[in-house]
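Right, one structure below, let's go through it.
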Amino acid sequence: MLELDATQNAPADLIKDSTDAQFPKDVIEASQTVPVIVDFWAQWCGPCKTLGPAIEAAVTKAGGRVKLVKIDVDANPGYAAQLQVQSLPTVYAFFQGRPIDGFQGMLPPSEIDAFIEKIAALAGAPEDEGLTAAIEAADQMLDEGAAADAAETFAAVLQEDPANAAAYAGLVRSYLALDDVDQAEAILNGAPAEISTDPLLEAAHAQITLAREAANAGPVTDLQAAVETNPDDHQARFDLAIALHANGQAEEAVAELLELFRRDREWNDGAAKAQLFTIFDAREAKDPIVLNGRRKLSSLIFA
């Protein structure tokens, strides 16, 4: 049974005030399982004082299918700036670690309810248990190195459910494991339009990008020597990060990209930041490498 917060008449932890420091936990991590609505507001904002209670009521009505996080932008300007919040109130919806929808300004209560209901529906009804079991089995095959068998199973799932994002992403990963990047990309390009922006497929796209980069990666030892000789050789450091990632050293690759960003965030049109996001997108959002990397990048951005 849900514990009730008497001050808000809502389940505890369903609605909370947060900060830039807590944003990765309260929004990014929490949205892996439940959509999180983020309300950016300020004390001086009149419409915020009307919108806030309306969103709280709609979130409470949703019965735990969404959460609400409130950010006072005057006290916490970091993520508001990163998300390019230019007027208040601004509302973003996050799911599986990404902003997926939002709006600015005041809405009628009926439209707020509809927005919350649409976001809540992303959690979805349970998938067919048989297909879910098949996907889990294929994932295990892939983890155990049986990529060809996994590909057959993912393909069989797609015969039953042609718009199954998990199966499409699994099939892409299977062909990447088989070192067939071209086929992996062809499969991804053939995904139905309605799932093309699914986080699983966006992760698959990032994995393909990294696989193509890995094919052209230089020798790690030579690049390390170049960076040690000239720490300001940004191209060498960037190439080192790509080589490290291709060598399975993702954490070390992220560290080099963070150092490059610290030294010159604008180098090559922000290549370090873009490459970091590619690595983050290719991995699960709850991966410690992603969580730690995002926190460190945020600290550098807002330092």
Query raised in the report: How many residues are at pLDDT 90 or above and touching a Pro at 6+ places or on another chain (Cβ under 7 Å) when one looks only at the range 58-86?
Result: 1
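Looking at the range 168-191 only, could you name the residues that are farther than 17 Å from D149 by Cα and either within 20 Å of the chain's Cα centre (by Cα) or in contact (Cβ under 8 Å) with a residue 60 or more places away in the chain (or both)? Step through it out loud before you land on a result.
Step one: filter the range 168-191 for residues farther than 17 Å from D149 by Cα, giving 181-182, 185-186, 188-191.
If the condition is that a residue be farther than 17 Å from D149 by Cα and either within 20 Å of the chain's Cα centre (by Cα) or in contact (Cβ under 8 Å) with a residue 60 or more places away in the chain (or both), then L188, A191 are the ones that fit.
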Requested in this report: Could you grab me the full set of residues in the range 55-86 that are farther than 24 Å from E284 by Cα and either assigned to a strand (DSSP E or B) or in contact with a Gly (Cβ under 7 Å, 6 or more places away or on another chain) (or both)?
Outcome: K70, I71, D72
Query raised in the report: Hey, does the range 178-197 have a residue that's in a helix (DSSP H, G or I), open to solvent by 60 Å² or more (accessible area, probe 1.4 Å), hydrophobic (A, V, I, L, M, F, W, C) and within 27 Å of D101 (Cβ to Cβ)?
Result: yes
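Kindly indicate whether any position in the range 61-68 is closer than 14 Å to L107 by Cβ and open to solvent by less than 50 Å² (accessible area, probe 1.4 Å).
Within the range 61-68, the subset closer than 14 Å to L107 by Cβ is none.
Checked the range 61-68: no residue is closer than 14 Å to L107 by Cβ and open to solvent by less than 50 Å² (accessible area, probe 1.4 Å).
In the list V27, V91, V69, which residue meets the criterion of being touching a Phe, Trp or Tyr at 6+ places or on another chain (Cβ under 7 Å) and within 21 Å of R295 (Cα to Cα)? Lay out the reasoning, then the answer.
Numbers: V91 fails: within 21 Å of R295 (Cα to Cα); V69 fails: touching a Phe, Trp or Tyr at 6+ places or on another chain (Cβ under 7 Å).
Matching residue, one of V27, V91, V69: V27.
Among what's in the range 272-286 and is of a type in the set (A, V, I, L, M, F, W, C) and crowded, with 18+ Cβ neighbours inside 10 Å, pick the residue that is modelled with the lowest pLDDT.
We begin by selecting, within the range 272-286, every residue of a type in the set (A, V, I, L, M, F, W, C); these are 272, 274, 276-277, 279-280, 282, 285.
Filter once more, so that each one left must be crowded, with 18+ Cβ neighbours inside 10 Å: 272, 276, 279-280, 282, 285.
Working: A272: 96, L276: 95, I279: 95, F280: 93, A282: 94, A285: 81.
Looking at residues that are of a type in the set (A, V, I, L, M, F, W, C) and crowded, with 18+ Cβ neighbours inside 10 Å, I get A285.
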Requested in this report: Under 6 Å between Cβ atoms, at least 6 apart or on separate chains: pull out the pairs that start in the range 43-66 with a residue that is in contact (Cβ under 8 Å) with a residue 12 or more places away in the chain and end on any residue that is part of a helix (DSSP H, G or I) and among the charged types (D, E, K, R).
Outcome: A58/D113
Query raised in the report: If you go through the range 235-244 one residue at a time, do you hit one that is without any contact (Cβ under 8 Å) to a residue 24 or more places away in the chain and at positive phi?
Result: no
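For D139, indicate whether it is surrounded by fewer than 14 Cβ atoms within 10 Å (Cβ to Cβ), acidic (D, E) and in a helix (DSSP H, G or I).
On the way: surrounded by fewer than 14 Cβ atoms within 10 Å (Cβ to Cβ): no; acidic (D, E): yes; in a helix (DSSP H, G or I): yes.
In short, no.
Please go through the range 30-54 and pick out each residue that is in contact with a helix residue (DSSP H, G or I) (Cβ under 7 Å, 6 or more places away or on another chain) and either more than 17 Å from A75 (Cα to Cα) or assigned to a loop (DSSP other than H, G, I, E, B) (or both).
Let us first name the residues in the range 30-54 that are in contact with a helix residue (DSSP H, G or I) (Cβ under 7 Å, 6 or more places away or on another chain), namely 34-42, 54.
Within the range 30-54, V34, P35, V36, I37, A42, A54 meet the criteria.
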Requested in this report: Can you run down the residue pairs with Cβ atoms below 9 Å, 6 or more apart or on separate chains, where the first is in the range 69-96 and on the phi > 0 side of the Ramachandran plot and in contact (Cβ under 8 Å) with a residue 12 or more places away in the chain and the partner is β-branched (V, I, T) and open to solvent by 10 Å² or more (accessible area, probe 1.4 Å)?
Outcome: Q96/T33
Report task. Provide a single number: the residues in the range 87-135 that are at pLDDT 85 or above, closer than 16 Å to I195 by Cα and of a type in the set (D, E). Result -> 0
Report summary line: Considering residues that are over 16 Å from the mean Cα position of the chain (by Cα), within 24 Å of Q22 (Cα to Cα) and of a type in the set (S, T, N, Q), the number found within the range 247-303 is 1
Requested in this report: Determine whether Q235 is in contact with a helix residue (DSSP H, G or I) (Cβ under 6 Å, 6 or more places away or on another chain), open to solvent by 40 Å² or more (accessible area, probe 1.4 Å) and modelled with pLDDT of 95 or more.
Outcome: no
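Residue check: is E251 of a type outside the set (K, R), open to solvent by 60 Å² or more (accessible area, probe 1.4 Å), at pLDDT 95 or above and out of contact with any Ser or Thr (no Cβ under 6 Å at 6 or more places or on another chain)? Outline the logic, then answer.
Details: of a type outside the set (K, R): yes; open to solvent by 60 Å² or more (accessible area, probe 1.4 Å): yes; at pLDDT 95 or above: yes; out of contact with any Ser or Thr (no Cβ under 6 Å at 6 or more places or on another chain): yes.
Yes, satisfied.
The values are calculated or read from the model by the stated rules, or taken from the named source; none is laboratory data. Note that the structure is a prediction, hence the values are computed from the model and not measured. Every residue, glycine as well, gets a Cβ built from its backbone with ideal geometry; the counts of neighbours run over all protein chains shown. Keep in mind that these areas ignore ligands, DNA and RNA; they rest on the heavy atoms of the full protein, side chains included. Shrake-Rupley method; radii C 1.70, N 1.55, O 1.52, S 1.80 Å.
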